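To start, the structure under review is shown below, and the notes come after it.
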Amino acid sequence: MSETPRIIRKYPNRRLYDVANDGYITLADVKQLVLKNVDFQVVDARSGADLTRAILLQIILEEEAGAAPMFSTEMLAQIVRFHGTAQHTMVGANMEENVNTFLGIQKRLQERATASHGDAMTLTPELWRQVMQLQAPAMQAMLGSFLEQSAKRFMDKR
C-alpha cells in the first residue's frame, strides 16, 4: 500500500505550510525533504493545484545560481531550445532514463562498499568525491560506458 504524500500548502504570500508539522517551512526545508526521500506534494492553498514541480524547479534554480552549478549555460540553452519541439518528450524521457541509470550505478557501488566494509560504509558526497579522485581512470571508463550506453539507447529509440 502506497503511503500518502506529506502535504505542503503554498499560500499567495509565497509561504509554505507543512500540514504534518503544523508550521511554516522554507524552500531549504523542502530541499531537506527531497534529500531524505520524503514523499510530498505541494498544493496551492486556494485552488488545490499541484505545485510540486514548480517548487522542485525553484530549488534547482537556487542550486544552479550557487557556486557549483550542475548544468552549463549551453546545456540549459539546449533544454530551452527543446521545449515545444518534436524532441521535447524524447529528450525529457532520455534524461530521466540517464539519471535512473546513474542512480543504478551509484546503488551498485554502495552495495559493493557495504559488502566490503559492512553497513557502516555509506557513500556520502565527500566519500563519492574521494572515490572519484582515487579511481579516476576506472570511474571515467565506467561513466564513459554509461554515456555510450545512453547514446546507444537514444539512437535505438529514433
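The values are calculated or read from the model by the stated rules, or taken from the named source; none is laboratory data. Note that the coordinates shown come from a computational prediction; the quantities given were computed from them, not determined experimentally. All Cβ positions, glycine included, derive from the backbone under ideal geometry; neighbour counts span all protein chains shown. For the accessible areas, the whole protein counts, side chains as well, though only heavy atoms, and no ligand, DNA or RNA atoms are used. Shrake-Rupley method; radii C 1.70, N 1.55, O 1.52, S 1.80 Å.
Please verify whether the range 27-45 includes one or more residues that are of a type outside the set (Phe, Trp, Tyr), farther than 29 Å from ILE79 by Cβ and open to solvent by 70 Å² or more (accessible area, probe 1.4 Å).
Quick first cut of the range 27-45, residues of a type outside the set (Phe, Trp, Tyr) only: 27-39, 41-45.
This time we only want the ones that are farther than 29 Å from ILE79 by Cβ, so: 45.
Right, trim to open to solvent by 70 Å² or more (accessible area, probe 1.4 Å) and you get none.
Checked against the condition, which is being of a type outside the set (Phe, Trp, Tyr), farther than 29 Å from ILE79 by Cβ and open to solvent by 70 Å² or more (accessible area, probe 1.4 Å), the range 27-45 yields no hits at all.
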Worksheet item: Which one is nearest to ASP156 (Cα to Cα) among residues in the range 66-76 that are open to solvent by 90 Å² or more (accessible area, probe 1.4 Å) and assigned to a helix (DSSP H, G or I)?
Response: GLU74
Item to complete: May I ask you to say which residue of ILE79, ILE105 is out of contact with any Lys or Arg (no Cβ under 9 Å at 6 or more places or on another chain), surrounded by 10 or more Cβ atoms within 10 Å (Cβ to Cβ) and without any contact (Cβ under 8 Å) to a residue 40 or more places away in the chain?
Response: ILE79
Worksheet item: What single numbered condition from (1) in a loop (DSSP other than H, G, I, E, B); (2) in contact with a Gly (Cβ under 8 Å, 6 or more places away or on another chain) fails to hold for TYR17?
Response: (1)
Fill in: Given (1) modelled with pLDDT under 85; (2) within 25 Å of GLU148 (Cβ to Cβ), index of the condition MET1 fails
(2)
Fill in: Unique residue being outside any helix (DSSP H, G or I) and in contact (Cβ under 8 Å) with a residue 24 or more places away in the chain when the list is VAL42, VAL34, VAL30
VAL42
Item to complete: Would you mind telling me which numbered condition in (1) out of contact with any strand residue (DSSP E or B) (no Cβ under 6 Å at 6 or more places or on another chain); (2) surrounded by 12 or more Cβ atoms within 10 Å (Cβ to Cβ) THR52 fails?
Response: (1)
Practice prompt. Go through the range 82-102 residue by residue and tally those that are over 25 Å from GLU126 (Cβ atoms) and open to solvent by less than 70 Å² (accessible area, probe 1.4 Å).
Written response: 9
Discussion item. With the structure loaded, tell me whether ASP18 is over 28 Å from MET95 (Cβ atoms) and of a type in the set (D, E, K, R) or whether it fails that test.
Written reply: yes
Item to complete: Tell me which of these SER47 doesn't satisfy, since it passes every other one: (1) farther than 20 Å from ARG14 by Cα; (2) over 14 Å from the mean Cα position of the chain (by Cα); (3) free of Cβ contacts under 8 Å to residues at least 24 places away in the same chain.
Response: (1)
